[in-house]
Structures are given as structure tokens and as C-alpha cells.
Amino acid sequence: MLSRPATETQITHGRRLWLYVVVALALVFLVVPSLLVIPLSFSSARYLSFPPPGWSMRWYEAYLGSREWREATVASFVAAGSTTVIATAFGTLAAYSLATARGGLARLIYAAYMLPLIIPAILIAIGTFLLYAQIGLNSTLLGVVLAHTVMALPLVVITVAAGLKSYDMNQELAARSLGASRPIAFLTVTLPQIRIAVASGALLAFITSLDEVVISLFVAGGNWMTLTKRMFNALRDEIDPTIAAISSLLIAVSILLLGASQLLQARQRTSR
Amino acid sequence: MVLAGFIRPDKGQVLFGDRDITLLPPHKRDVGMVFQNYALFPNMTVAGNLAYPLKIRRVRHGEIDQRVRRALDMVQLSGFGDRQIDQLSGGQRQRVAVARAIIFEPRILLMDEPLSALDKKLREQMQIEVRHLHQRLGMTTVYVTHDQREALTMSDRIAVIDRGRLRQIGTPRDVYERPANRFVADFIGESTFLPLEQRDGAFFIGKDRIEAATRPAELGNPLLVLRPEKLQIIAGADGATLQLNRLTGTVREIVYQGESTLLYIATGAGEVAVRRANAGADPALDVGAPVTLAISPADTIVVAAESA
Amino acid sequence: MPGADPVVPGLNERALAAAGRRERTALAALALPGMAIITVIALLPIVWLFWMSFRNSAGFTLEHYLRLLHPNYLLTLKTTFELSFLVTGICMLLGYPLAYLTAQAGRRAAALLIVLILFPVWTSLLVRCYAWLVLLQRRGLINSWLIDAGIIDAPLRLVHNFTGTAIGMVHIMLPFMVLPLYATMRSISPDYVRAAANLGASPMQAFRQVYLPLSVPGLVAGVIIVFVLCLGFYVTPALLGGGNVMMWSMQIERNVTYHSDWGAASALGVVLLVVALGILWMFGRIVGFDRIVGAK
């Protein structure tokens, strides 16, 4: 095995063993720390030790027993769901508009949509906080959702625009020549064919909102205290294994969403 | 694209009969269109594709089924209704596209290079099928193609368009036998052009007088249009009594092409291509042999040279 | 084409132009709702911050910017750049081999590697910070393992300092280095390396002289993304730095939450934005913006 050639240039696997070691270490570095949290969340001890001295569900009970954590969880999921709906709808419309429009204006609009990815989040956070302070949107659901929508929109636009790029716009022309108005043609012919891209965009929007920290730190609070803000504060003050339980649940959500997105992409490849 | 309403003209009108539809949006035009890549909807079955224009027009369910079946019969795809689009061959897709474009009985049918994606054999077969279909339907059909042979095969009337300008419109025979200008002569069929001199209202190449059946309206610099298959190679004095236009030259190159042989003849006025059918009895010629070319005045075309 | 029909020149030119404009406007309007949200919620407030950074009670002033020259702020600036360079450098060293092997792997192996690389991206930032706190703190897992194994006597200071912050940031930034690199490497045809070998290059030469230069655009894109994200990064330094690592973005937060000093916060924010956009613009001209924004 080690003496077999690995590359076009006949380097053997043995001679680039070091490369595999580096990559394996990098992968361990990327994946393992987060996963370590899961066994810790089932530990019976208050202090950290690995492997845990005994197993228990006490930290999950602590999480579920806390009204504050429950409310924060509900708030986060409600905000993420609402963000997903708005960002997916508006982002898809924008991507469609950009795909049909030509010229400098379209490029400008696309660039503007990408700004939230480029501008440091802290700057958007304090700006939004300042704005909300004037119009009373701080610590409201609408405030959190609008701010999260700003962060999710570029991702939806990128994903749907990529989907539209591999879609043949002639199909829509054909539908229109057959008697469908443009909106009907979009709904009956275009949308069913880019649905995978739209769904991927929606997943990204959901995870973006669920994981958003910096802006939430400023604009979330009160009844609409998000999970991330409460976690951030808890992490800054003291480390309680309850966080391990919450983290494990969030990891499960991440794995679920990542799996769904990979599945969608696989389906997109085979349906072509 | 202008006819279907996808591209707005800068100016001018689009009329169907007496009706000005220049500003009518595509979905209200009732124009059946067959796209170059067919643009069949992969998210629907064959029957779903055919039913689409009827559903949009809110035709009753029972009638939709009936009309879809009839349309499938017409394009000889009965029983294919439940197939997915990606289960069809190129020729089948083409027929579904045609069926979809005519199922709602549009006023005209547009075909935008509908056969260009097919291989040569299938293309020729489909040309005949489309032509039969057209004869059966009797529907005005506008067929766009860059393949001049396809245009000659398929059309009742051909419009030759060059960079947005209409250069000639007429029957295939008109356009081929009597091209109105150099562009048309060059675009439709093979041609060799020789410059002509004009003296006393007659045309000359060198000392030889050329009789022509047509003369262009404006005579800038007249050009003689020679179709390779219209030229005959005659031996010395043969046919001297006939009224033929003659050119002399020597054979420069011989290209054997199976059913015919192409000869390039160098004449005093320029090189001329001549096609000889390989029917059998013609004497073999060698490169360098002197020959005389003849063409009947009825087949002799003169066009004006264009600066463009 | 109904060429024989009478055409009245110029009759409906205006109507046609108007119809074309209407259609283009309607299509462009579809991009408006999202644009409006981004503009009102994010962009206009930033313009407002910009304005405030030049204002005090007396009117126009440069005092907020002049204050940035105070040694405290300069130290923050130095920390921010040091950390960003360090993290970007480590990401390059780890990311290049990772992307290289992923690009060469077979279909299934590559898919698995991509999932492993994407996993952290989809995992909550806070979960990952928590994981590092658990591993690195004084009585954390790494220290207790090392002490149990008898390698060290006293716990190492691994977190709440520069080291811990750097480790946590590398963890977060590494995928952003790998993804553009991988995309670029996938598009390098193996024929190039074959050709080099065929022309007599040793494996090392073929890599250095052919493969490496071809992968540079992806590397540049990765470096820019990581570096710019690092400059404005807040969460990881705030949690893993434990107040001992002061980043530019934390200075902004501090000025708002503790001092309500919007003038200073705005000035800091404007400088951060200008630096970040400046770097993006400079390198965007070299490798193309699409590559940078399209990478996520």
C-alpha cells in the first residue's frame, strides 16, 4: 500500500505519509472538540473530567427545568423560522430579478446584497442597535428577525442565483409562449426546478439566524432573549455543564441541517 | 423572438393579419413556439407538458385528456404520456415540443432552429415529418434556420435575412435560381462569382459576350453567378450551334466526392468550380487539361456587386 | 415574417420603449424588498455612525479619530493585526494540505472530507467556543490529561490569553481557507502535472513550478477572506481571550456598552470598515470579487 504511487508524478503513499498525518491532525482539530461536548453533557459530575466519572441526564433536566433557557430556545427557533421565511422569499425574488436583469445596475445590486457578508458584524450590530433605540425595536421579535434577515439574505441570494445559473431560462419563455403570464410561468415551471437551491438557501438562512451571536447580543433581550445571547453571557460568567447539554442539542440540530443540505445537493446532482 | 414577444423591436409593427400585436405580451399572443433546445419542462411528464397550455387556458379536465391523447397520436407518440422528459430520445423530444406548441391551436407556429440539436440522419427524417405535419395542419409556420438546405427543403416561401435586413423573399426555386443580390446568391447554395464588363448594354468577360436571363435593377459592378452544377464541360466544337455562354480554362484541381466530382477550373477571369455527376460515361480529365465551360443563358444569373 | 405588411416608421417607437422600461422596472423591483431591509437595517445606520464619528456637541470634530492614536488603542490595533496574521498563517499551513488531498481524493472520500470540513461551519460558534474552553481551561481536559500523564506538574495557561484565542479562531477560520482553495484545486487539470512530468520535471518541481502557481488564486481568496473576517472578529476573542486579548471589535463593543461613547465607537467602526473594505477592494481587483464572496 505504502509503496504504491499516489500521484501522477509517481510519488508513493509512503513518501508523503507526512501529508496524511498533517491532514488527519487538521481534521481531528476541526471535528473532535465539538463532539467531545456530547459525552460531557451526560456526565454526572459538576466539574469537567473526561471520561466522565458517571453518567446522568441531570444537565438536560437542568436545561429543561429552567424557564429562562426554555424561553430563550423558543425565542431563537421562532426568530430563525421567521427569518427563514422572509429571507428565502425576498432572497429568491432578488436572485430571480438579478438573473433576468442585465448590465451595471444588476451588478451593483448584487454587490449591495453581499455587503452584510463583508461588513464586520460588530458594526452592523451597533448600527442596528442605534436605529432600534430610536424606533423601539430593541428586544422585539420583529427587530431580531429583521436583523437576522439582513445576515441571511446574501446566503440565500448566492445559493438561489447559483441554482438559476444552471437552469435554462428558455423554459420560462416556453411557458409564456404557451399562455402563462410571467408570475404563473415562474411558479409552475421555474420554481419547481430550482426548488433544491431554494431549500438549500432556506437551510442556510435558518442556521444563520439560529447561530447569530453578535447582533443578537445588542438587539435581543427581554421576552426575545435569544439562546445565543443567553449562552454567550453564561460562557462569559461561569461554565456550567448545562451548556454542554444545550450544545449537544445544537450539535444535533447542526448535523441534521448539514445532512439535509448534503442530501439536497446530492439530489440536485442526480436529477441532472 | 420578436414574433413571440420576447424581444421588443426598436420600432415598427408586428401584425398578425390585420391585428397589431406589437405591444401584446407573449402569453396573450397565441403563438406556438418550438425552441431550439425544445425547452420541455423536466418537472412534468410528457402529458403534463402537453396539458400545460390547456390548463393555463382553463380547459375542462375531460377535454384536456382527450386533446392530449389526440396530439400524441398526431406526433406518433401514443402511450408516451406518462414518460418523463429525460426518458425520451432527441427525436421524440422534438415531436413532443411540436405537439405542445400546436395543442392549443395557436394562430401561427414558430420554429427556432428546431432541428439543429439532432444528428444529420435524424434531422433529415424530422424535416420530412415536420413538413407532413405542417401540410396536415395547414397552420402558418415560421421556421428559422441557418441551414440553407433545410430552408430549401422545408419552405413554401423563404425570407433571407442578413443582419436584420430582409434581402429577398420568395419561393425556394426563386431564391435559388434567381437570387436578387450577391448576399442571397452566396448564402443559398454554392456559387462562384466572376466580374463582368458592361459594354453597349451587354455583358462581357474578356471578348466573350454573356447572355443573361436576368439583369439586376441597379447595375453597379455586375457579377456573374455560376452554380457548379449548372456548368457543363464540353469538348472543343460540341454544341457550337447552341446558344451557350462559353468560358475557357484549364483544370487546376480535381476533388472526388463520391456521388460527384468537383473540378476547379482556372479561367482568364478567375477560378470557377464545376460539379460533374459521377454518372459514368464522362471522359476522365487530368490536371492541366484545357477545357471549355458552357452554361445556358436561362441559367445565367447576373447580380450587382455589393460594397458590404 | 410579414414583411409585406405596411410599416409606419416611428409610429409606436415611444410605446415600445415605454413597455420595455416598464418591464425592466418591474423585474428590478423584485430585488427591492430585500434591498430595502438591508439598506434600512444595516447600511443607513452605518452611514449614521460615519456621520457621528465626525461630531461632538460643538459640531464637526476630528477628536474621535485623534483619540485613536492613544497608546491603548494602538495596542488594540497591534493585537488585532498580530492575531489576524498569525491565524491566517496557521490556516494557510493547515488548509493547503487539507484542500490538496481533498481535491485529489476520489468522489466518495472527497464527499466525506467536505462534510468533515463543513461540520464546524454548521456548528454553532458558541458551541465551538465552549468546547475549547472545556479543553483548554486551567482545570480543563488537556491540562488534566497532561498532569495525569505526568508530563507537567502545574497546569498550563492555555486559554484566556493570546494562545487560546488564536486556537479558537483558527478552528473557526480554517474552513473558509479550505473551501476556496479546494474549489480552485478541483479545476486544475491533472494533465498539467502529467505534462510537467512528461517534460522531465521531478515530482517536487512539478508541484512547485506548475501546481502551486495554478492554485495561487484560491490561496489568495482564502487568505483575504480569513484575514478580513479575523480583523472584525468578536465572539471568539471575547470568550477565549477572557478580557486579556483586546481586539478592535471588542473595543467598539466596550465603548458602546460601558461608556455609551458613540463618537469613539463610530470612529473605531469606520476605521475597521475602511481597512476591511480597502483590503477586499485591493485584492478583489487581483483575484476577482466573485471568487471572494462566492466562496462561502
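The values are calculated or read from the model by the stated rules, or taken from the named source; none is laboratory data. Keep in mind that what you see is a predicted model, and the values were worked out from it rather than measured. Cβ: placed from backbone, ideal geometry, glycine included. Neighbour counts: every protein chain shown. The protein model used for the area step is the full one, side chains on, heavy atoms only, and it has no ligands, DNA or RNA in it. Shrake-Rupley method; radii C 1.70, N 1.55, O 1.52, S 1.80 Å.
Sorting A:Asp211, B:Asp156 on solvent-accessible area from highest to lowest, probe radius 1.4 Å, gives B:Asp156, A:Asp211.
Charge dipole (Cα centre; +1 on Lys/Arg Cβ, -1 on Asp/Glu Cβ; no other charges) of region A:66-237 amounts to roughly 240 debye. Using a Gaussian network model of chain C in which every pair of alpha carbons under 10 angstrom is joined by a spring, one finds that among C:Arg14, C:Arg55, C:Arg139 the greatest mean-square fluctuation is at C:Arg14. To the nearest 10, the accessible area of C:Trp262 is 50 Å² with a 1.4 Å probe. Each helix, a run of at least 4 DSSP H residues, gives -39500 (n - 2.57); summed and divided by the residues of chain B, these come to -7500 deg cm²/dmol at 222 nm. Dividing the Cα radius of gyration of region C:66-292 by its Kirkwood radius returns 1.05 for Rg/Rh. If I build a Gaussian network model for chain B, linking alpha-carbon pairs within less than 10 angstrom, which residue out of B:Leu152, B:Leu24, B:Leu263 has the largest mean-square fluctuation? In this elastic network of chain B, the residue with the biggest mean-square fluctuation among B:Leu152, B:Leu24, B:Leu263 is B:Leu24.
Across region A:116-214, the mean sequence separation of Cα contacts (distance under 8 Å, 6 or more residues apart), normalised by length, yields a relative contact order of 38 percent. Each Cα pair under 8 Å and six or more residues apart adds its sequence gap; the mean of these over the residue count of chain A is a relative contact order of 27 percent. Inter-chain neighbour count for C:132-142: the average number of beta-carbon atoms from partner chains within 10 Å of each residue's beta-carbon is 4. Springs between Cα atoms under 10 Å define the GNM used for chain C, and in it the highest mean-square fluctuation of C:Ser249, C:Ser215, C:Ser187 occurs at C:Ser187. Per residue, the average separation of C-alpha pairs within less than 8 Å and at least 6 apart gives region C:66-292 a relative contact order of 26 percent.
Ordered from largest to smallest accessible area (heavy atoms of protein chains, 1.4 Å probe), the residues B:Arg165, A:Arg58, B:Arg67 come out as B:Arg165, A:Arg58, B:Arg67. Solvent-accessible area of A:Ile38, all protein chains in place: 50 Å² (probe radius 1.4 Å, heavy atoms, ligands and nucleic acids excluded).
Using a Debye calculation, one point per C-alpha and no hydration shell, please list log10 I(q)/I(0) for chain B at q = 0.07, 0.10 Å⁻¹ in order. Treating every Cα as an identical point scatterer, log10 I(q)/I(0) equals -0.42, -0.73.
Between C:Arg21 and B:Gln84, what is the FRET efficiency for a Förster distance of 51 Å, r being their Cβ-Cβ separation, to the nearest 0.05?
The computed FRET efficiency comes out at 0.80.
Apolar share of the accessible surface for region A:181-272: 63 percent from carbon plus sulfur atoms, 1.4 Å probe.
In this simple spin-label approximation, B:Glu105 and B:Asp186 carry label points 7 Å from Cα along the Cα→Cβ vector, and these lie 4.7 nm apart. For the pair A and C, the buried accessible area comes to roughly 7700 Å² in total, with a 1.4 Å probe and the value rounded to the nearest 100.
Distance between the modelled labels on C:Val274 and C:Ala58, one decimal in nanometres: 2.1 nm (7 Å Cα→Cβ projection).
Cα centroids of region A:187-260 and region A:50-70: how far apart, whole angstrom? So the two Cα centres are separated by 21 Å. Taking all protein chains as they are arranged and a probe of 1.4 Å, the heavy atoms of C:Lys78 leave approximately 110 Å² accessible to solvent.
If R0 is taken as 45 Å, the Cβ-Cβ distance between C:Ala36 and B:Thr171 corresponds to a FRET efficiency of 0.15. The peptide list A:258-265, C:113-120, put in order of mean Cβ contacts within 10 Å with the highest first, becomes C:113-120, A:258-265.
Annotated for the protein assembly as shown: lysine pairs at least 8 residues apart or interchain, Cα distance under 23 Å, count 4.
Measuring between their Cα centroids, region A:80-116 and region C:168-205 lie 32 Å from each other.
If R0 is 45 Å, the Cβ-Cβ spacing of C:Asp261 and C:Leu156 corresponds to a FRET efficiency of close to 0.75.
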